[in-house]
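Just below is one structure, and these are the notes that go with it.
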Amino acid sequence: MRQSSKGQKKLRKKQILYGAVALFLVAGLVLSAVLGFVDFLTGGQGANKDPSILKLEEEIATLEKSLKKDVENGLLAAEIGTLYYDMATISWQQGLQKQGNKYGEKSRKYLIQAVENGEISPEITLDIAFLAFSLEDYDTAEEYFQKTIDQEEQNPIAHIYYGLYLSNLEREKEAIEHFAKALEYAPEDSPEAQAAEYYLSLLQETGS
């Protein structure tokens, strides 16, 4: 019996998510974020709160006191946002979705504050886009995926993540364009090229 179009799309989305784990394990591309994000989307159940989060919380408390005295310090805001990002991905990886969402929202707030105060880089804007995507704030996600690519057009990782975002919204044609760009910009036979080729072939196969 042939699968329905809806069933094929659901299967494709699962293939993309689990394919991300396998390929990013090889690539080592923001591995903790990918594992945490996939576990978050698939509703995984994890262990108790990671002890390392307590240490991160202590670091953040000190930095937040400093930021209150220098609210326009974009570098400091970026540092705090990055620590909250680490806490979010640890929590998601453990299946602690509410806790991960809380830290993710704080991370996004501080990283956006950093950008607004002049501390902008492809790494920061890509983190904001990824967090917004995971928190289902699609408008912000798209804005910051585009900001990342505007800063660094030939960044294959940005194109891969943007392609995943577009595929999730069933904007397959645009997703294919970004996976193709990732494949174009990634070094030949690199993990990034392997990932882009996988997603590209998967979408082209299901779209045929």
Review point. Applying the selection to segment 129-139, what residues are closer than 15 Å to G81 by Cβ and either among the hydrophobic types (A, V, I, L, M, F, W, C) or modelled with pLDDT of 95 or more (or both)?
Key: A129, F130, L131, A132, L135
Practice item. Find the residue count for segment 110-128, including only residues that are farther than 16 Å from L83 by Cα and touching a Phe, Trp or Tyr at 6+ places or on another chain (Cβ under 8 Å). Key: 0
Exercise for review: Please find, within segment 171-191, the residue that is farthest from E143 (Cα to Cα) out of those that are at pLDDT 90 or above and among the charged types (D, E, K, R).
Suggested key: E188
Review point. In contact (Cβ under 8 Å) with a residue 60 or more places away in the chain and either surrounded by 20 or more Cβ atoms within 10 Å (Cβ to Cβ) or outside any helix (DSSP H, G or I) (or both): does that describe G95?
Key: no
Review point. So Q154 fits all but one of (1) surrounded by 18 or more Cβ atoms within 10 Å (Cβ to Cβ); (2) modelled with pLDDT of 95 or more; what number is the exception?
Key: (1)
Practice item. Report, by residue number, each residue of segment 47-75 that is surrounded by 14 or more Cβ atoms within 10 Å (Cβ to Cβ), aliphatic (A, V, I, L, M) and touching a residue at least 24 places away in the same chain (Cβ under 8 Å). Key: I53, L56, I60
Review point. Which one of E119, E79, E142 is among the acidic types (D, E), surrounded by fewer than 23 Cβ atoms within 10 Å (Cβ to Cβ) and closer than 26 Å to Y199 by Cα?
Key: E142
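The values are calculated or read from the model by the stated rules, or taken from the named source; none is laboratory data. Just so it is clear, the structure is predicted and the values come from calculations on it, not from any experiment. Neighbour counts run over all protein chains shown; Cβ positions are idealised from the backbone, glycine included.
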